[in-house]
1. Taking the range 68-86 on its own, how many of its residues are among the hydroxyl-bearing types (Ser, Thr, Tyr), closer than 11 Å to residue 10 by Cβ and without any contact (Cβ under 8 Å) to a residue 24 or more places away in the chain?
2. Would you say residue 10 is at pLDDT 95 or above and surrounded by 14 or more Cβ atoms within 10 Å (Cβ to Cβ)?
3. In the range 62-89, what residues are within 10 Å of residue 3 (Cβ to Cβ) and part of a loop (DSSP other than H, G, I, E, B)?
4. State whether the residues of the range 21-41 include one that is aliphatic (A, V, I, L, M), more than 24 Å from residue 4 (Cα to Cα) and either at pLDDT 80 or above or touching a strand residue (DSSP E or B) at 6+ places or on another chain (Cβ under 9 Å) (or both).
Amino acid sequence: MLPLLFVFCFGVLNFAAHKAVIDSGHQMLAQIPWFFRPLAGRLSLVVEFVMLVGAMIMAGHGWDGWTWTYAFYTGLHSVSAWLIFSGRL
């Protein structure tokens, strides 16, 4: 149960960072692939949701490795958002 809670909390962080980056209007967003442009780039949020649901299903079935993998993904995602907002990218 605890890994599932952690994955959910990581998912909330990922969605917040992802949405903030989309809404930032950063120049790098103009370079995203054409298949993520429908719905003003919000299709990538659907991909983010599918990844979260998959990680939650695996964590819920006792596969703790998925919790660590999703935690690592959240760390990379957070560093990327920080780099974009700090102007380093």
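The values are calculated or read from the model by the stated rules, or taken from the named source; none is laboratory data. Everything numeric in this text was worked out from a predicted model, so none of it was measured. Positions of Cβ are backbone-derived with ideal geometry, glycine not excepted, and every protein chain shown enters the neighbour counts.
1. Keep residues of the range 68-86 that are among the hydroxyl-bearing types (Ser, Thr, Tyr), which gives 69-70, 73-74, 78, 80, 86.
Checking which are closer than 11 Å to residue 10 by Cβ leaves us with 69-70, 73-74, 78.
Remaining after also requiring without any contact (Cβ under 8 Å) to a residue 24 or more places away in the chain: 69.
Here the count works out to 1.
2. Numbers: at pLDDT 95 or above: yes; surrounded by 14 or more Cβ atoms within 10 Å (Cβ to Cβ): yes.
It is true that residue 10 is at pLDDT 95 or above and surrounded by 14 or more Cβ atoms within 10 Å (Cβ to Cβ).
3. Passing the criteria: 62, 63.
4. Of all residues in the range 21-41, those aliphatic (A, V, I, L, M) come to 21-22, 28-30, 32, 39-40.
Keeping just the survivors that are more than 24 Å from residue 4 (Cα to Cα) gives 21-22, 28-30, 32, 39-40.
From the residues that got through so far, the ones that are either at pLDDT 80 or above or touching a strand residue (DSSP E or B) at 6+ places or on another chain (Cβ under 9 Å) (or both) too are 21-22.
Yes, the range 21-41 contains at least one residue that is aliphatic (A, V, I, L, M), more than 24 Å from residue 4 (Cα to Cα) and either at pLDDT 80 or above or touching a strand residue (DSSP E or B) at 6+ places or on another chain (Cβ under 9 Å) (or both).
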